[in-house]
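Beneath this line is the structure, given in structure tokens, with notes to follow.
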Amino acid sequence: MSLDERLVRHHHRQVDRAISGAFARLAAQPRTRSVFGELLDVARRRGRRLLDAPCADGRHPGVEALVRLAGAADRHRRRSFTWAGSAASWHRTVHDLAQHLVGRYPVPAFLGGAWSADDDRAGDAQRRWFVEHAGGRPFRSLDLPFAMTRRMEHLFLRTPAHIGVLPALRRAELLGLGAAPDFAEAILAARPALDMDHGDFWRTAWRFLIANAAAIDRLQIAPIIDFLHGIRHERIEVETPAGIEWRPPPAPAFSLEGRTVRSVLRLMEEWHRDLGRGSGRLEWTPSGLRPMRLEVPSETPEVPPTQWELVELTSAELLRAEGAALKHCVASYARSCASGRSRIWSLRRRRDGPPSPVLTIEVDPTRKAIVQVRGLYNRAPMGRSWHIVQTWAGREQLRLSV
């Protein structure tokens, strides 16, 4: 049996397990279980590519989308067996099936991602938006995390199909406020940019950043957003003689009113210096993933080769040093690493002196995926360093979700 045949068989087994698991989870919901069975049958006959989606964490995104569509059966306008089918990608097939089931009016393709979103508050909201907009309500009239203008709505509904629902929402807000496309992309590179809570504060933050765009280096944008989120909205874990205590955010009422870019950058630098000190001497055991080292010969014989090494960071002290070197907030991940929720790796380059950090990599052990890769000032990876990370991910069988 060839490798390709083995991979196909393996995927089929994963799909079968995901389907069995879905039926088991719905055992106490007979109506939803029955509708799920109908949808699965229709997908097998008329939307086969929906089942081609790659499995992750024992679940299949196409199967999970069918479960969620079955859960919305009371909002269905049409029966599944009247669907004409789709030969498009699994993402588009999910959208087309959802459009058929609940849609009175056409919904943009990117909104189909709502049915693949997690089963949490944000995912539930996205699916509610899909149903209500497909029913004819203007998108800006829905229960959104921020006030949407007509221009924002216009930009949002024209989002390219490959962009997720929440990034599309934030992107439309930024462009609607006057951000240049590249400036909006720089903001979206920061993880807290997708924080859909605290809408009023973030609106003031976007206005501040856009008004001062000419004075802000693009590489400083993500660190500024990390800083604002950290001091206003993130609770802090602190080691005390009595154990770990959760304390309120350092400055939950922090405001940008009357501040200059220079003052914000100064406060940000102070915050980065202090970041992670509450984690003390916290250490954790290695994850079991293998480090990687390689040597790249120089093009000039008299210049020594470049040494690259990818190593795991296993203490709060190492995270602080990494964050100080690359000017980002990885030091705040100490508790997450100690609990096993995250693993942090550092790609380092050595020429003449000691190795210098180039990229910081966050691995989600549960998903077996690389979920974040950032360089100096949260710069996106590129070139040889990014190729090395991709090579390592392939060797360690990690998905790239960045």
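The values are calculated or read from the model by the stated rules, or taken from the named source; none is laboratory data. Quantities reported herein were computed from a predicted structural model and do not represent experimental measurements. Every residue, glycine among them, receives a Cβ derived from its backbone with ideal geometry; neighbour counts consider all protein chains shown.
Points worth noting:
- Looking only at residues of the stretch 86-103 that are among the hydrophobic types (A, V, I, L, M, F, W, C) and within 14 Å of residue 75 (Cβ to Cβ), we find that the one that is nearest to the chain's Cα centre (by Cα) is 98.
- Residues that are charged (D, E, K, R), over 28 Å from the mean Cα position of the chain (by Cα) and within 14 Å of residue 67 (Cβ to Cβ) within the stretch 7-32 comprise just one, 31.
- Complete set of residues in the stretch 354-374 that are within 23 Å of residue 307 (Cα to Cα) and hydroxyl-bearing (Ser, Thr, Tyr): 356, 360
- Residue tally, condition touching a Ser or Thr at 6+ places or on another chain (Cβ under 9 Å) and among the polar types (S, T, N, Q), over the stretch 344-377: 3
- Flag for residue 60 being touching a residue at least 40 places away in the same chain (Cβ under 8 Å) and touching a Leu at 6+ places or on another chain (Cβ under 9 Å): yes
- Looking only at the stretch 248-274, residues that are charged (D, E, K, R), under 26 Å from the mean Cα position of the chain (by Cα) and outside any helix (DSSP H, G or I) come to 0 in all.
- Extreme residue, modelled with the lowest pLDDT, among residues of the stretch 49-59 that are under 19 Å from residue 23 (Cβ atoms) and in contact with a helix residue (DSSP H, G or I) (Cβ under 8 Å, 6 or more places away or on another chain): 58
So that you can scan it fast, the table gives a plain yes or no per residue for (1) modelled with pLDDT under 90; (2) outside any helix (DSSP H, G or I); (3) aromatic (Phe, Trp, Tyr); (4) within 19 Å of residue 263 (Cα to Cα):
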| residue | (1), (2), (3), (4) |
| --- | --- |
| 178 | no, yes, no, no |
| 205 | no, no, no, yes |
| 209 | no, no, no, yes |
| 221 | yes, no, no, yes |
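- In the stretch 3-56, of all residues being part of a loop (DSSP other than H, G, I, E, B) and among the hydrophobic types (A, V, I, L, M, F, W, C), the one that is surrounded by the most Cβ atoms within 10 Å (Cβ to Cβ) corresponds to 53.
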